1. What pairs come out if I take residues in the range 4-23 that are within 25 Å of residue 129 (Cβ to Cβ) and pair them with residues that are at pLDDT below 95 and surrounded by fewer than 20 Cβ atoms within 10 Å (Cβ to Cβ) whose C-beta lies under 8 Å away, six or more apart or interchain?
2. Do the conditions hold for residue 53, that is, is it open to solvent by 40 Å² or more (accessible area, probe 1.4 Å) and in a strand (DSSP E or B)?
3. For the range 2-11, does any single residue satisfy the condition of being open to solvent by 10 Å² or more (accessible area, probe 1.4 Å), modelled with pLDDT of 95 or more and at positive phi?
4. Within the range 56-71, count every residue that is over 22 Å from residue 19 (Cα atoms) and part of a loop (DSSP other than H, G, I, E, B).
5. How about the range 77-131: which of its residues are of a type in the set (Lys, Arg), surrounded by 14 or more Cβ atoms within 10 Å (Cβ to Cβ) and closer than 12 Å to residue 150 by Cα?
6. Go through the range 202-216 and give me each residue that's buried (at least 19 other Cβ atoms within 10 Å of the Cβ) and in a helix (DSSP H, G or I).
7. Could you tell me whether residue 31 is touching a residue at least 60 places away in the same chain (Cβ under 8 Å), under 26 Å from residue 112 (Cα atoms) and touching a strand residue (DSSP E or B) at 6+ places or on another chain (Cβ under 7 Å)?
Amino acid sequence: MTTIAIVGAGRGLGAAVARKFGSEGFDIALISRSQERLDALATDLEAEGLAARGYAANVREPKSLIAALDRAGQELSPTEVLQYSPLPQKEFLRPVLETTVDDLAGAIEFAVYGPVVAVHQVLQGMRFLGRGTILFVNGGSGAVPNPNVAGTSIAFAGESAFARMLHDTLKAENIGVGQLIIPGAIEPGHPDNDPAVLAGKLWHLHAHPGEFRVHSDARPDGQR
């Protein structure tokens, strides 16, 4: 048995992914800033027969993220799947002409430094297993820059470049890297953006490691 570590786990997409991967036999490490909320979600998942634990961390504080992933690997099982999907903060979503250097610093800590820290923490274990999957989840600005949300447009471009380079570099080691682009809000009951539907797409990326980018609305990469 191995673990999926969900960075940015919450009651929406994180919970849906936990249920999907948990039903396939994975242990579940839930990572976000609130230990109280993580414990409540883990309790609900364990009541459904899944093995889940919460580990509080702030993705903008590398030491806390490293510690959370390290504890998860020790207390559960080796991390085979890493999902990086925390929600952007409001200050990252300002128009381009209102976006300051401080706004960008936070966005880059969130969308570039955080993923780099998380990937480097779990990669050695994946190499030891001889397999693994790294999943990135981004909004629409991760694929097409949007001047109304400049922070994520700029920072997600860096995250996307990092993800693509990982995909091209790690495929020879049986480690898949995929990116799910979600234009618009995640909404229960939505035909494309329902959490369970999105969880299915992330499972598809895990099961088909040759693919890199998938859009939640199923349009081909680059077409809007």
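1. Here the result reads 8/87, each pair linking the range 4-23 to a residue that is at pLDDT below 95 and surrounded by fewer than 20 Cβ atoms within 10 Å (Cβ to Cβ).
2. Values: open to solvent by 40 Å² or more (accessible area, probe 1.4 Å): yes; in a strand (DSSP E or B): yes.
In short, yes.
3. yes
4. Qualifying residue count, the range 56-71: 4.
5. If we filter the range 77-131 for residues that are of a type in the set (Lys, Arg), which is where we start, we get 90, 94, 127, 131.
When the remaining residues are screened for being surrounded by 14 or more Cβ atoms within 10 Å (Cβ to Cβ), the result is 94, 127, 131.
The answer is 94, and nothing else.
6. 202, 205, 206
7. Details: touching a residue at least 60 places away in the same chain (Cβ under 8 Å): no; under 26 Å from residue 112 (Cα atoms): yes; touching a strand residue (DSSP E or B) at 6+ places or on another chain (Cβ under 7 Å): yes.
So residue 31 fails the test.
Residues are listed down the side, and each one gets a yes or a no for (1) part of a loop (DSSP other than H, G, I, E, B); (2) more than 15 Å from the chain's Cα centre (by Cα):
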position	(1), (2)
156	no, no
160	no, no
164	no, no
169	no, yes
172	no, yes
176	no, no
179	no, no
186	yes, no
192	yes, yes
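The values are calculated or read from the model by the stated rules, or taken from the named source; none is laboratory data. Predicted, not measured: the structure shown is a model, and the values here were computed from it. Here Cβ is always computed from backbone atoms with ideal geometry, including for glycine, and neighbour counts include all displayed protein chains. The protein model used for the area step is the full one, side chains on, heavy atoms only, and it has no ligands, DNA or RNA in it. Shrake-Rupley method; radii C 1.70, N 1.55, O 1.52, S 1.80 Å.
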